[in-house]
Amino acid sequence: MAYLSEIEAALFLGLKVETVQYLSKTCPKKGDDRTLKSVKLDGGKAYDEAELEAYRTYLNEPWPLPKPGVRPTIPKAIGGDVKEESHHGCAICGHMDNGEIAHIEAVAKTLNNAPGNLIYLCPNHHTKYDLGYKVKSNVTADEIKAAKLLKQNARRRVMKYEAFATKSLTSLIQFVRNLEKSIASAATDNLKGMHLAELTNLLAAVPELTEAAEAEAKADKLTTKPEKAFVKIAPKLAAISAEVPAKYNEKAVRDKAKKLVAEVERVLVDIDEVDCPHCGGRGLTGLAGDFCRYCKGSCFVSSAKAKAYDPGEIDEVECPRCHGRGTTGLVSDLCAYCRGSCVITHAKAEGYEPDDIDEVECPHCDGKGTTGLVNDLCAYCHGSCVVSQARHDAYDREEIDEVDCPHCKGKGMTGLVSDLCAYCHGSCVVSQARHDAYDPEEIDEVECPRCRGKGTTGFAGDTCKLCHGSCVVKKAKADAYRRKHE
């Protein structure tokens, strides 16, 4: 059983220490009483790693509704944590006015107010991101997830050495170097903007850390030669970070970052850090952003640890339910077993019982997730392909606002050549309101005047050369034909 200190628990969950303390005392889900359990050891309060894993899963499970139709409230402590993670600025552009807490996965669908599903955005980028998954303009789900990951990684890099300012400063400068390079290689303007905003925030943190590092040196807390060499240039680093450029723009920020990194590399020729081989330097794994089990979220490991890496020694196997994808269904619902982690422990894999999961095939679409000829998302499961047993048992076809299309009689197509129905466009069904409002005269279709609606001509049944087997043509085409043959 692995026990982690309070700061290590915060790193594990990607939260600040105060939020971990809040979760230890208060259940964030109204009506529930589940708190984060800790134990008292000689070194102080400690947390079992398995408990942290279980609690993160609990946070990501649907939150109870205060009452029907009302979304679960985001606790102030969690909202504040998300704002601080983003330095109180938009995670995409860094703008600091009128920011809003946004959901990465739509709350209407997941009821998930876990910190890992929340991100701080300005009103502009919140609007451009359609509550988590559907893109309204130019902010994609991948960009939002990349922004969240960037914020989590930046926080973890500094938090890892919170009690050691010199190590925090070293780690921060290393991250600054990576961010500056990421701006140059960013694939989209949004990715470039989020890296630039984070780089600006980290540069602003340098002076405070240099002061703390110098205080450590005076208190004789530095033990290694690199630390002692590093603290000697702390005043120079503070001066560089405090420089005010003639014009604030991307070039000015990147130039400042390069100058800081160059100064560090002048005294520290080789910082023994390489990308973690297990997470590829992300610090997180899976769709849900789980804490990497090898680098513990720090993104980097020593050369020796990288060389000793053996994936077979890590207690992780592909989730047997989603086969490592982290999602199920047509609309990529988070897997009900691994909750988006993609992997689970060996013990959990051995204990997997499909029948234990409250999921059965949707009775409306028979588990396909779509209906009609054009594969509309199912009106009952909305593309998930499965529903809970309770929803399955409560299914009533009459309660779904769908009736056979009155134009094609529910076939989804018309004519001899199976044209998509001009009213339901292949859906086969329409709402009751559309059914009642149906007026065939409003559809630009009339019987083909050449074949009189048969779709064929002659004794041999040749396809009509005017409607090409559709049986109907547009009114203008019919009128033109008649004028020509009058």
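Of all residues in the stretch 1-26, those that are surrounded by fewer than 23 Cβ atoms within 10 Å (Cβ to Cβ) and β-branched (Val, Ile, Thr) have Cβ atoms under 9 Å from Cβ atoms of residues that are at pLDDT 90 or above and assigned to a loop (DSSP other than H, G, I, E, B), 6 or more apart or on another chain, in Thr26/Thr35; Thr26/Pro75. Of everything listed in (1) over 35 Å from the mean Cα position of the chain (by Cα); (2) closer than 30 Å to Ala336 by Cα; (3) among the aromatic types (Phe, Trp, Tyr), the single unmet condition for Tyr438 is (2).
With respect to Asn98, is the statement that it is under 29 Å from Leu202 (Cβ atoms), in contact with a Pro (Cβ under 6 Å, 6 or more places away or on another chain) and surrounded by fewer than 16 Cβ atoms within 10 Å (Cβ to Cβ) true? Yes.
One residue stands out in the stretch 426-445 among those that are surrounded by fewer than 18 Cβ atoms within 10 Å (Cβ to Cβ) and hydrophobic (A, V, I, L, M, F, W, C): the one that is nearest to Cys365 (Cα to Cα), namely Ala433.
Yes or no, residue by residue, for (1) more than 36 Å from the chain's Cα centre (by Cα); (2) among the aliphatic types (A, V, I, L, M):
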site: Asp358; (1), (2): no, no
site: Gly369; (1), (2): no, no
site: Asp376; (1), (2): no, no
site: Ala390; (1), (2): no, yes
site: Asp396; (1), (2): no, no
site: Leu416; (1), (2): yes, yes
site: His425; (1), (2): no, no
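Of the helices (runs of 4 or more DSSP H) that lie entirely inside the stretch 368-486, those containing 2 or more residues that are touching a Pro at 6+ places or on another chain (Cβ under 7 Å) span 475-485.
Could you list, in sequence order, all residues of the stretch 308-329 that are β-branched (Val, Ile, Thr) and within 23 Å of Lys109 (Cα to Cα)? Quick ask: steps written out before the conclusion?
So the first thing to find is which residues in the stretch 308-329 are β-branched (Val, Ile, Thr), and the list is 314, 317, 327-328.
Thr327, Thr328, listed by residue number.
On inspection, Ser418 passes the criterion of being among the polar types (S, T, N, Q), more than 30 Å from Leu284 (Cα to Cα) and surrounded by fewer than 18 Cβ atoms within 10 Å (Cβ to Cβ).
In the stretch 398-406 there is at least one residue that is in contact with a Cys (Cβ under 8 Å, 6 or more places away or on another chain) and either surrounded by fewer than 16 Cβ atoms within 10 Å (Cβ to Cβ) or closer than 30 Å to Glu441 by Cβ (or both).
Which residue is surrounded by the fewest Cβ atoms within 10 Å (Cβ to Cβ), if the candidates are limited to the stretch 27-58 and must be small (Gly, Ala, Ser) and under 23 Å from Cys335 (Cα atoms)?
Just the residues of the stretch 27-58 that are small (Gly, Ala, Ser), to begin with: 31, 38, 43-44, 46, 50, 54.
Checking which are under 23 Å from Cys335 (Cα atoms) leaves us with 50, 54.
On the way: Ala50: 12, Ala54: 14.
So the residue we want is Ala50.
Quick one: in the stretch 342-363, of everything that is of a type in the set (Asp, Glu) and not in a strand (DSSP E or B), which residue is surrounded by the most Cβ atoms within 10 Å (Cβ to Cβ)?
We begin by selecting, within the stretch 342-363, every residue of a type in the set (Asp, Glu); these are 350, 353, 355-356, 358-359, 361.
Keeping just the survivors that are not in a strand (DSSP E or B) gives 350, 353, 355-356, 358-359.
Values: Glu350: 10, Glu353: 7, Asp355: 7, Asp356: 9, Asp358: 13, Glu359: 21.
By that ranking, first place goes to Glu359.
Within the set Arg34, Arg71, the sole residue that is touching a Cys at 6+ places or on another chain (Cβ under 7 Å), farther than 30 Å from Asn201 by Cα, outside the structural domain of Glu198 (by TED's automatic domain parsing) and charged (D, E, K, R) turns out to be Arg34. Among the residues making up the stretch 149-181, a single one is modelled with pLDDT of 85 or more and either of a type in the set (Gly, Ala, Ser) or outside the structural domain of Ala252 (by TED's automatic domain parsing) (or both): Lys151. Restricting attention to the stretch 196-215, does a residue exist that is touching an Asp or Glu at 6+ places or on another chain (Cβ under 9 Å) and among the acidic types (Asp, Glu)? No, because not a single residue in the stretch 196-215 is touching an Asp or Glu at 6+ places or on another chain (Cβ under 9 Å) and among the acidic types (Asp, Glu). Restricting the first member to the stretch 339-366 and to residues that are within 21 Å of Cys378 (Cβ to Cβ), and the second to residues that are of a type in the set (Phe, Trp, Tyr), the beta-carbon pairs closer than 8 Å and six or more apart or on different chains are Ile357/Tyr337; Cys362/Tyr380; Pro363/Tyr380; Pro363/Tyr395; His364/Tyr380; His364/Tyr395; Cys365/Tyr380. Taking the condition surrounded by fewer than 20 Cβ atoms within 10 Å (Cβ to Cβ) and in contact (Cβ under 8 Å) with a residue 60 or more places away in the chain, does Glu61 pass? Yes, satisfied.
The values are calculated or read from the model by the stated rules, or taken from the named source; none is laboratory data. What you are looking at is a predicted structure, and each value in this text was computed from that prediction instead of being measured. Because the Cβ atoms are built from the backbone with ideal geometry, glycine has one as well, and the counts that use them run over all protein chains shown.
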